[in-house]
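The values are calculated or read from the model by the stated rules, or taken from the named source; none is laboratory data. As the structure is a prediction and not an experimental result, all values here were calculated from the model. With ideal geometry, Cβ positions are generated from the backbone for all residues, glycine too; neighbour counts draw on all protein chains shown. Each accessible area value is taken on the protein alone, full model and side chains, heavy atoms only, with ligands, DNA and RNA left out. Shrake-Rupley method; radii C 1.70, N 1.55, O 1.52, S 1.80 Å.
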Amino acid sequence: MRIRIVFSAALAALGLMFLLPATAHAHGDTLKVVVTGQRNGHVTADVTWENDGDAVEEAVAATVNAVSADGSRTLGPWRLVRDPGAAPAGWTTAEALPPGNWKVGVDVGFPALGHGELEVGVPVVDPAPGTPAPVGSSPAAVAPSAAAPDPSGASPASAPAASSAQAPDAAADTEGYALWWTTAGVAVTAVAGAAVGLLLRRRRRVRLDRLG
């Protein structure tokens, strides 16, 4: 009985020894790394199994390095983290590249080997437009008391008073002229009426004298 149990356990262990490597190598032994670009300066990449194109479900140990176009600056190594806003194969970086042109390289060491690179351009983002500051203050309104004096010598404050004082005099003169012309017209009409009356009387007397 014990021999059967030991023999069965040995067969099971032997089967697991052959089954586990087969399962581990079902996707292949290399990874396909495609650097897809950047989003707000964060490097984006797709990591899949090169054999069947499936997304990598395990944690990925990868480093990201970037070199400027002129080779004067280097950034990294940064690590890849899962991109929650992308497909299951999407990965990104927590750090962001500054504006400029960069040659980005991604090297994966686990769960398998893989490499990808791409030239990435990060544009300069213009700041949000704000309210422009005034170039100069508008000229202040000149108070009546600060106005320049009149060349004639009269102050600006006395000028309106003089004008208002002259207005009643002009109105009085106009009324006086109208009254004078009215009186003259009445006098002329009266004189003309008297002359006409005398002329009619004389004509009447002449007629009476002729009839008598």
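Surface listing: 30, 44 arranged by accessible area from highest to lowest gives 30, 44, probe 1.4 Å. What does the charge add up to near residue 96, with Lys and Arg as +1, Asp and Glu as -1, over the other residues with Cβ less than 15 Å from its Cβ? Value of the local net charge: +1. Residue-wise HN-Hα couplings along the stretch 85-102, as the Karplus relation 6.51 cos²θ - 1.76 cosθ + 1.60 with θ = phi - 60° gives them from phi, are x, 10, 5, x, 8, x, 9, 8, 10, 6, 8, 10, 6, x, x, x, 9, 9 Hz; Gly and Pro carry x.
Sorting the Cα pairs of the stretch 40-132 by distance into bins of 5 Å, from 0 upward, gives 3, 13, 23, 21, 16, 10, 7, 4, 2, 1, 1, 0 percent per bin. Ordered by 1.4 Å accessible area with all protein chains kept, 36, 48 run largest first as 36, 48.
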